[in-house]
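As structure tokens, the structure follows; a few thoughts come after it.
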Amino acid sequence: MATIDATLGGATSNSYVDLTTAEAIADNLQGGDVWAARTIEEKNLSLIQATMWMETLEYVGARCTTGQRLKWPRQGGSCDGVAADCAGIPYKIGEAEVLVAMQLAENPNAILGENGGNAPSGTFTKRQKLGDLEIEYAQFNNNFGTACDNCDQPPLLQEYPWLEAVLGCWIYVISSDSGRILTRDCCPQPALSPSAVVTANYMPTPPY
């Protein structure tokens, strides 16, 4: 039987929350009754799998110790006025794990996919035009065999894009159209340039 290890900062932890906490969170979520009817084995497996996929995301701050297995707990980051510290894991992180676990309990292959082709996910040339050179690109998701506009995102966010809103400013997100990594407005950011107006004259002085 799958066993959950939710030890805070543990070297063998495989879940952010234990089963008791997960059930309490699920009680307040849509579909919680379906989750409650599942076996302990199904719940444990889905929670462990959900944590595994959440570990593929990039979070603000840094791990509390080098010996902890999971990315949480963390320190040195904050989101919406809540500071991450080594004494616990933010509620939103546990809630996100439970939401993903509920989905994976329904369909364990939702993220990995069951078929898929040989082509890797990514950006490919969709159309080329020789006259007045024109190139159109499209993205392809191997797991589902379809085009997508978020292939630069981790598979977890590709399958459950709503998770980005749940986690909010706790995670770093990638802008697919620019390839840039963006952070949400969670923390004060230093100015990129002086506020004073800087002028320079690059033209030689007259007469020319």
(Q) Being out of contact with any helix residue (DSSP H, G or I) (no Cβ under 9 Å at 6 or more places or on another chain), among the β-branched types (V, I, T) and assigned to a helix (DSSP H, G or I) is the filter here; which residues of the range 1-48 pass it? (A) T20
Q | Count of residues meeting criterion [in contact (Cβ under 8 Å) with a residue 40 or more places away in the chain and touching a Cys at 6+ places or on another chain (Cβ under 7 Å)] in the range 28-75 | A | 3
Q.
Pairs needed: first member in the range 95-110, at negative phi; second member anywhere, outside any helix (DSSP H, G or I) and polar (S, T, N, Q); C-beta distance under 8 Å; at least 6 residues apart or different chains.
A. E97/S15
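Quick note: the coordinates plus some simple rules give every number you see, no bench work behind them. Quick caveat, the model's predicted, so the values are computed rather than measured. Using ideal geometry, Cβ is built from the backbone for each residue, glycine included, and neighbour counts are taken over all protein chains shown.
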